[in-house]
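Have a look at the structure below before the remarks.
The values are calculated or read from the model by the stated rules, or taken from the named source; none is laboratory data. Since this is a predicted model, take the numbers as computed values, not measurements. Here the Cβ positions follow ideal geometry from the backbone for every residue, glycine too, while neighbour counts run over all protein chains shown.
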Amino acid sequence: MSFLTYLINGLSLGSIYAIIALGYTMVYGIAKMLNFAHGDFIMVGCYIIFSVSGAMSGNSAVGIIVAIILCTLLGVTTEFVAYRPLRGASSPLAVLITAIGVSYLLENIALLIYGADIKSFSSVVKWEGLSLAGGQLQIQGVTIVTIVISVVILIALQLFINRTKQGQAMLAASEDKGAAALMGINVNRTIALTFAIGSALAAIAGALLCSAYPSLSPYTGAMPGIKAFVAAVLGGIGSIPGAMIGGLVLGIVEILSKTYISSQLSDAIVFGILVVVLLVRPTGILGKKVQEKV
Amino acid sequence: MAILEVSNLSVYYGVIQALKGISFHVDRGEIVALIGANGAGKTTTLHTLSGLISADGGKINYKGHDLTKTPSHNIVTLGMAQVPEGRRVFSEMTVLQNLKMGAYTRNDKNEMEETLSVIYKRFPRLEERKNQLAGTLSGGEQQMLAMGRALMSHPDLILMDEPSMGLSPIFVNEIFDIIQAVNRDGVTVLLVEQNARKALSIANRAYVLETGKISKEGDAKELLNDEAIRKAYLGE
C-alpha cells in the first residue's frame, strides 16, 4: 500500500513538472529558444499568490487569478523586451544568455522585495484529501487536485492546438515561420501568445508546487525549472504529449528513488536517466527526427 | 492594366547587392515568367514582393498599395499569394489542415468551403489524401498542395517559385497544365522558373534576370526564338 502512496505522490510531482515542461516545450517549439527564466516565472507566481492572499486574509482564489494575469504579462513583456530584438541574431547563444540574465534579474528582484528568508506558503488547496482502504491509503487533496489539473491542461492544450485557428497557426509557425507569414499569420503575435500561455501555466504550476512543498524563496523556481527542462528534453522537446510523459516519468523516478534508494542520490538518478535516454534516443521519447536541409 | 508594378527595386544581403534596381510589371490576367540562372535574384524578387525580405530601395505597387511598407502577414489579405520554392508545406499537419492554413485570413466560412471544393476538383489527389500528413506526400503531390494552399486565399495574383523543381517529367507537365488552368480562371500568375523552355511556352511575357538586373524582356514566344536566350537558357 505504501508503494501506491509513493507512486501517487510521484505522479503528482510529475504533473507539476509536466505543467512547467509544457511551457518550456511550447516556447521552444515556436521560438526555437530555451527560456531559462521559465522556472523563475513560477517563483514570481508564488510570491504574487503569497502577497495577495496575505493581503486578502488568506483568500487564495483571488491570488491565483492575479498571479496568472501578472505572470502572463511578465512572459509577454519579457519576450517583447528581451527576446524579440534578438530573434534573427547571428548566434542563437545571444538569446540563451539573455534568458539566463532574465532569470538572475527576477531572482534578485524577489530577493530585494522579499529578502532571502524562506516564507511559509499556505496551500491553495484546502481539501484534506481522501482516506482509502480503511485509512491505509492516504492521498492528500493537493495531490489529487494537481493530477486532475494537469490532465485538464493537457486536454485543453491539445484541443486548442488541433481545433482552433490560433492553435493551428502556432503549429504552422513552429514548423516554418516564413511559410506561416505567407499564409497571413502574424508570427510575432503568435510567438507572444505562446509565451502568454506558457507563463500562465507557470503561475498555475507555482501555485501547485508551493502548495505541495510550502517553502518559498527567491530560488524556489530554479530547480523545478531545470527538472522541467529535463522532462521536456526527455519527452522530446517541442512535443506536448512528450512534455507530459517526460514530466510524469521524472516525478515518479524522483519520488521512488528518494524512497527506496537514497534521497541524496535522487537528483543524480534523475539526471542519469536523462543521459541514458539521450544516448539511446537523442530526440527524446516522442521527439521527431530533425531533418537536415540539403 | 498593371496589377503589379515594380520600379527600381534593390535588395542587399549585407554588402552584396542581390537586386540592382529592377523594374517590371504584371498586367491583370497575364502569365509573366521571370527566368534566369541560379543566383540571378529570382527568389529574392519573390520574397521581397511577399515581404519576407525587406527592400532597400524602390517601390512595389500592388493594386495601389506600396508593398515595401506592408508587413508580410498583411499582404495575403490584399489578394497576393505565393507558392514558395521547395513547396514548404507544413509537414506535421494534414493536407486539409494545410489547405485551411491557406485560408487563414478568410472568415467567410461558406465561401471557403466552396473554394475548397473547387481546389479538390482541380487536385483530386488532395481530396483522396486530405487526412494524410503533408510530409508523407510525394514531391509532386506536395507541389499540388502548396498550390492549393495558396489558392485557398482566393488570390488575384499568385507568385510561383520554381514549381517544377525536383519533379518527374510527368508531374512537370501536369503542374504547367494546372498553372494555365488557374490562369484561365482569372488568376494572374508571376512564374519564376529555371525550366525556361516550359515557362516561356506558357507565358505571355517574360523577363530575363541576370545577376540582379533585368537583361531582357519581351513577348514570351519571341524570347523563345531569341538566339542569345536559346544559347544561354535553353541549352542549344
Review point. For the range A:45-72, how many residues are of a type in the set (S, T, N, Q) and part of a helix (DSSP H, G or I)?
Key: 4
Study note, to complete from the structure: Going through the range A:113-161 in order, the residues found to be at pLDDT 85 or above and either acidic (Asp, Glu) or within 16 Å of A:SER2 (Cβ to Cβ) (or both) are A:ASP117, A:ILE139, A:GLN140, A:THR143
Check your understanding: Which number in (1) under 30 Å from B:ASN110 (Cβ atoms); (2) within 14 Å of chain A (Cβ to nearest Cβ); (3) of a type outside the set (Lys, Arg) marks the one condition that B:ASP185 misses?
Key -> (2)
Exercise for review: Scan (1) within 13 Å of the chain's Cα centre (by Cα); (2) among the small types (Gly, Ala, Ser); (3) at pLDDT 95 or above for the single condition A:ALA222 breaks and write down its number.
Suggested key: (3)
Study note, to complete from the structure: When the range B:2-27 is checked residue by residue, the ones that are in contact (Cβ under 8 Å) with a residue 40 or more places away in the chain, of a type in the set (Phe, Trp, Tyr) and surrounded by fewer than 19 Cβ atoms within 10 Å (Cβ to Cβ) are B:TYR12
Check your understanding: So is A:LEU11 outside any helix (DSSP H, G or I) and under 19 Å from the mean Cα position of the chain (by Cα) or not?
Key -> no
Check your understanding: For B:ARG87, which of the numbered conditions (1) surrounded by 20 or more Cβ atoms within 10 Å (Cβ to Cβ); (2) closer than 20 Å to A:GLN166 by Cα fails to hold?
Key -> (2)
Revision key, fill the gap. The lone condition B:GLN180 fails out of (1) under 22 Å from A:LEU182 (Cβ atoms); (2) at pLDDT 95 or above is (1)
Exercise for review: Looking only at the range B:139-158, decide whether some residue is of a type outside the set (D, E, K, R), free of Cβ contacts under 8 Å to residues at least 40 places away in the same chain, assigned to a helix (DSSP H, G or I) and farther than 22 Å from B:SER91 by Cβ.
Suggested key: no
Review point. Does A:TYR17 satisfy the criteria of being within 18 Å of A:SER199 (Cα to Cα) and touching a residue at least 60 places away in the same chain (Cβ under 8 Å)?
Key: yes
Review point. In the range A:178-213, what residues are touching a strand residue (DSSP E or B) at 6+ places or on another chain (Cβ under 6 Å) and either surrounded by fewer than 24 Cβ atoms within 10 Å (Cβ to Cβ) or within 14 Å of another protein chain (Cβ to nearest Cβ) (or both)?
Key: A:LEU182
Review point. In the range A:82-91, is there at least one residue being of a type in the set (Gly, Ala, Ser) and surrounded by 15 or more Cβ atoms within 10 Å (Cβ to Cβ)?
Key: yes
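Given the criterion over 30 Å from A:SER2 (Cα atoms), more than 16 Å from the chain's Cα centre (by Cα) and at pLDDT below 95, identify the matching residue among A:VAL95, A:VAL102, A:VAL81. Explain how you work it out, then say what you get.
Values: A:VAL102 fails: at pLDDT below 95; A:VAL81 fails: at pLDDT below 95.
Among A:VAL95, A:VAL102, A:VAL81, only A:VAL95 is over 30 Å from A:SER2 (Cα atoms), more than 16 Å from the chain's Cα centre (by Cα) and at pLDDT below 95.
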Exercise for review: Restricting attention to the range B:28-55, report how many residues are out of contact with any helix residue (DSSP H, G or I) (no Cβ under 9 Å at 6 or more places or on another chain) and surrounded by 15 or more Cβ atoms within 10 Å (Cβ to Cβ).
Suggested key: 7
Review point. Would you call B:GLU111 more than 8 Å from chain A (Cβ to nearest Cβ) and assigned to a helix (DSSP H, G or I)?
Key: yes
Review point. Which of the residues spanning the range B:167-201 are touching a Phe, Trp or Tyr at 6+ places or on another chain (Cβ under 6 Å) and either in contact (Cβ under 8 Å) with a residue 40 or more places away in the chain or polar (S, T, N, Q) (or both)?
Key: B:ALA196
Point to revise | Matching option when the condition is at pLDDT 95 or above and over 13 Å from the mean Cα position of the chain (by Cα), among B:ASN204, B:ASN225 | key: B:ASN204
Revision key, fill the gap. Restricting the range B:53-90 to residues that are among the polar types (S, T, N, Q) and assigned to a loop (DSSP other than H, G, I, E, B), the one nearest to B:ILE22 (Cα to Cα) turns out to be B:SER54
Study note, to complete from the structure: Of the residues in the range B:115-136, those that are assigned to a helix (DSSP H, G or I) and more than 12 Å from B:VAL89 (Cβ to Cβ) number 12
Review point. Which condition does A:ILE42 not pass, out of (1) at pLDDT 95 or above; (2) in a loop (DSSP other than H, G, I, E, B), if it passes all the others?
Key: (2)
Point to revise | Which numbered condition A:SER257 fails, given (1) under 23 Å from A:LEU22 (Cα atoms); (2) surrounded by 20 or more Cβ atoms within 10 Å (Cβ to Cβ) | key: (1)
Review point. What number of residues in the range B:62-74 are surrounded by 15 or more Cβ atoms within 10 Å (Cβ to Cβ), within 14 Å of chain A (Cβ to nearest Cβ) and either out of contact with any strand residue (DSSP E or B) (no Cβ under 8 Å at 6 or more places or on another chain) or of a type in the set (Lys, Arg) (or both)?
Key: 4
Study note, to complete from the structure: The residue from B:LEU223, B:LEU137 that alone is more than 23 Å from B:ARG28 (Cβ to Cβ) and buried (at least 19 other Cβ atoms within 10 Å of the Cβ) is B:LEU137
Check your understanding: Yes or no: B:THR94 crowded, with 19+ Cβ neighbours inside 10 Å and not small (Gly, Ala, Ser)?
Key -> no
